[in-house]
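One structure below.
None of the figures in this text is laboratory data; all of them are computed from the coordinates on show. Since this is a predicted model, take the numbers as computed values, not measurements. Every residue, glycine as well, gets a Cβ built from its backbone with ideal geometry; the counts of neighbours run over all protein chains shown.
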Amino acid sequence: MRGSAPEDEKRTARPLLRRSAVGVAAAGLLLPLVSAAPSAGAATAGPGDLERAFTEAAARTHVPRSVLLGVAYLESRWDGHGGAPSVSGGYGPMHLTDARAAVSRAAGQRSEGAGDPRGDAARPAGAAGHRALSGAPRQALPAELPGRLRTLPRAARLAGLPAGKLRTDPAANVLGGAALLAAEQRALGLADSADPADWYAAVARYGGGGDGGRGFADEVYEVLRRGRARTTDAGQRVALAGRPSLRPDSAQAKRIASATAKVRTAAPVAKPECPSSVACLSVPAAYAEFGDGDYGNHDKADRPEDLKINTIVIHDTEGYWDSTLESVKDPKNVSWNYTIRSSDGLIAQHVPTKDVAWHAGNWYVNAHSVGIEHEGFLAAPDAWYTEAMYRTSARLVTYLSRKYGIPLDRQHILGHDNVPGTTTATIPDMHTDPGPYWDWAHYFTLLGKPFPRPAGRPASAGGLVTINPDYHTNEPLYTGCEKAGEPCAPHGSEAVRLHTAPDEKAPLVKDAGLRPDGGDSTTGVNDTGARASTGQQFAVAGRQGDWTAIWYLGQRAWFHDPAADPTAARSRGTVATPKPGREEIPVYGRAYPEKAAYPAGVPVQSVSPLPYKLLAGQRYAVGLRVHGDYLYAPTFDVGKHVVVRGEDVYYEIQVGHRVGYVRAADVDIRRSGG
């Protein structure tokens with residue numbers, strides 16, 4: 001479609017049934033906007049049926065087709081997810097929400113991990129009571145749901161269709177979303193228009209959010225300018241021609257900007273640290289003493305002056321937006337820096353980035369990272385993340401990357417499930433979010449740092465590979481999403497499974513930290529013991545037939561990587577290998593300083609090795625290079641805090657699904673082969 005006139009510019013005059021918004025807005029909100037069901041049904045077979053549904057909905061409701069496509073792309077990338085709801089109860093391509101109908105489907109699904117999110121043994125015993133967010137039981141929906149969580153029933157009334165049809169029939173869902181947009185336009189007192197520029201305010205109201213929907217609308221219009229084309233999860237090919245010169249109506253933009261300013265003025269505290277292009281509110285985490293000298297739920301610091309920020313940790317909340325925000329206000333709970341809402345990508349900042357939040361379960365990582373929670377549930381394969389959430393999160397991470405000089409790669413942008421345990425004993429309790437359904441490839445594309453696509457001949461021993469399977473067609477079996485041992489619904493995944501031999505029937509590789517008794521890894525959705533994730537880099541340990549072996553937790557781990565349809569891309573980078581003469585070297589979960597660096601009054605922190613070893617001849621991809629340090633902060637009184645700096649140098653390596661640290665004195669650093 002490149003080079004052709006956009007659909008909206010080719011429209012003929014409106015039919016006589018077109019109504020002016022003035023004088024009929026109130027009536028239009030009380031009566032169905034359309035009088036007949038869409039012609040494309042749920043059991044669509046043709047690859048163009050969804051595109052036709054957008055065209056028909058535009059004709060029926062007088063909303064420009066490109067606006068419908070832009071809104072739907074931002075909400076779902078045009079996917080329908082088989083009628084399954086999102087984490088915020090949204091259904092179909094238009095993400096129409098019906099949280100009460102959705103919540104009953106999600107009972108029992110949550111991530112694992114019950115460890116101390118602060119990850120520091122120097123705290124008083126009372127601190128052990130701080131509860132990890134993503135290990136907590138799923139919160140119930142509030143008695144009164146905000147309008148953003150119940151748009152589907154209203155859309156059904158406006159479209160004159162049963163609510164159930166809007167949940168399961170993509171064409172009906174598109175029509176319902178169009179009816180909502182048309183109603184918003186009329187409620188604003190604006191006339192129907194064939195020009196997408198005239199729908200900015202209605203799009204903003206559709207998106208809602210703490211900034212009046214401005215951030216959502218800006219993202220939609222960015223999609224309209226650039227255009228998009230993709231094949232959906234149901235095999236539907238959809239294309240939106242770009243209009244690079246498109247700008248929203250200036251009067252409407254000023255109107256929304258004014259509403260945004262009023263919302264931000266009402267925010268509880270100072271301006272949050274966010275890029276100007278996103279909607280961002282301040283919802284401060286609690287910082288207070290309680291009990292016998294205990295306090296919560298974060299530590300004051302002066303980063304990056306006292307401690308460098310070099311990592312961003314991606315989490316999911318395992319809870320709903322409203323209850324999550326209430327949780328972070330309680331000093332007896334834990335904290336994180338930001339939360340991002342699923343429905344519209346609204347950001348709430350809780351802990352200033354200069355301070356240390358308690359989120360990763362590893363005190364060393366906490367001291368050097370920013371934690372970002374995303375509203376969602378990892379163990380529900382049909383609980384998807386909206387495009388609005390992905391895009392807003394990517395903008396926030398890009399902003400933080402520039403502010404603190406953090407490279408945009410998988411050594412510096414970690415999932416919570418990539419953070420190492422601090423000691424052997426803590427490994428089984430480390431958290432597993434955001435899990436195997438977070439789309440790392442799409443996320444890094446939005447960050448402007450797409451991973452290399454697999455192509456050409458596979459990498460040979462001595463080289464590096466970047467894991468990057470096709471998310472939508474890569475559907476490894478997972479179990480335990482709803483009940484232990486039961487298969488999860490088939491769903492795209494960013495991870496590949498690792499075997500002890502080049503055979504699908506071979507056992508999965510073992511993780512001595514998760515199972516000290518030598519037990520096998522499993523297909524459990526929370527079992528990270530035999531999993532390599534998109535964007536992670538590993539050194540190649542061999543190649544046989546359609547299989548590639550990588551060095552992983554001290555062993556060869558094989559994944560299916562056929563030359564005709566590869567799941568990993570040849571890469572180059574830096575690797576660590578044991579120094580000559582060393583049969584094995586230890587791996588650590590934190591980069592603490594040597595004993596001699598601790599001043600009087602500061603307890604020496606042990607750097608005990610994890611149960612993983614790098615054996616002679618093995619190689620592991622290198623990320624960070626850091627000097628060991630330790631933030632001693634066991635009290636509410638910041639005057640007693642001390643930053644201990646050592647001489648020992650460590651390298652972060654991709655030792656398994658999680659990263660680890662090795663001493664520079666133990667390894668040689670080399671460039672990988674091709």
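Other residues lying with their Cβ under 14 Å from the Cβ of N468 contribute a combined charge of -2, Lys and Arg counting +1, Asp and Glu -1. Taking Cβ atoms as reference points and 10 Å as the exclusive limit, the residues near G623 contribute a net charge of 0, counting Lys and Arg as +1 and Asp and Glu as -1.
Legend: Rg and Dmax of region 576-671, from Cα coordinates, 14.9, 48 Å. Applied to region 474-488, the Karplus parametrisation 6.51 cos²θ - 1.76 cosθ + 1.60 on θ = phi - 60° returns per-residue 3J(HN,Hα) values of 7, 10, x, 5, 10, 10, x, 5, 10, 9, 4, x, 8, x, 7 Hz, with x for Gly and Pro. Per-residue packing, averaged as other Cβ atoms within 10 Å, sorts the ranges 325-333, 530-538, 498-506, 180-188 into the order 530-538, 180-188, 325-333, 498-506, beginning with the highest. Using a simple spin-label model with pseudo-atoms 7 Å out from Cα toward Cβ, K579 and R670 lie 1.6 nm apart.
Pairs from the table (K403/K640; K271/K640; K403/K579; K510/K640; K300/K403) lying more than 31 angstrom apart at Cα are K403/K579; K510/K640.
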